[in-house]
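Heads up, the thing below is written out as structure tokens.
The values are calculated or read from the model by the stated rules, or taken from the named source; none is laboratory data. Note that this is a predicted model, so its numbers are computed, not measured. With ideal geometry, Cβ positions are generated from the backbone for all residues, glycine too; neighbour counts draw on all protein chains shown.
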Amino acid sequence: MISVIGNKLRFLAFGSRFSAMPDTGRRTANAELSFTFVELMVAVVILSVGLIFIIEGFIVAAGAMNTSSVRIQLVPFLESKMYELELSAQENNGIERGASEGEFLLDSRSVSWGLEIFGVEKEEDLDLSDDLNEVRLNVNWQEKNFARKIQVLTYLKNKK
């Protein structure tokens, strides 16, 4: 039972129970353990704000886990595609310049990839643009409202 005398309402803490006691103005051993309704509400607000930050942290962590899961699933594709290119360059004594692209599904998610093979840029004192190709493999996918991308880069001998 909660009673109010004057403007003060006090709750006394006894173990895990709270009981409402009127504030008589006298200090007793039990009065030192009591706190007001305003103090109780301030504590609830502080805990609520802390809980909001904790829940937001869990949401951010879940999104990061989803993104990293997709990236982990795409690594074998990237590795196999690069291995095919390197093997082709070894067998054919180089690789021709050009571009290609494609799409595939990964867990009902549309993933597109693009391959670009072009000559390296000339340096001031070194010109390897005729002998060396820069190979870029890009993988793109949409995650919620954000475009995600992974790019792998290597250099292979130019086929003349």
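Some points to look at:
- Within the range 115-139, if we keep just the residues that are crowded, with 16+ Cβ neighbours inside 10 Å and in contact with a Lys or Arg (Cβ under 8 Å, 6 or more places away or on another chain), the residue that is modelled with the lowest pLDDT turns out to be ASN133.
- In the range 81-102, the qualifying residues are those that are hydrophobic (A, V, I, L, M, F, W, C) and in a helix (DSSP H, G or I), and the one that is surrounded by the most Cβ atoms within 10 Å (Cβ to Cβ) is ALA89.
- Verdict on VAL111 being hydrophobic (A, V, I, L, M, F, W, C), surrounded by 14 or more Cβ atoms within 10 Å (Cβ to Cβ) and in contact with a Lys or Arg (Cβ under 8 Å, 6 or more places away or on another chain): no
- Residue in the range 121-129 that is hydroxyl-bearing (Ser, Thr, Tyr), within 30 Å of ALA64 (Cα to Cα) and either in contact with a strand residue (DSSP E or B) (Cβ under 7 Å, 6 or more places away or on another chain) or not in a strand (DSSP E or B) (or both) present: no
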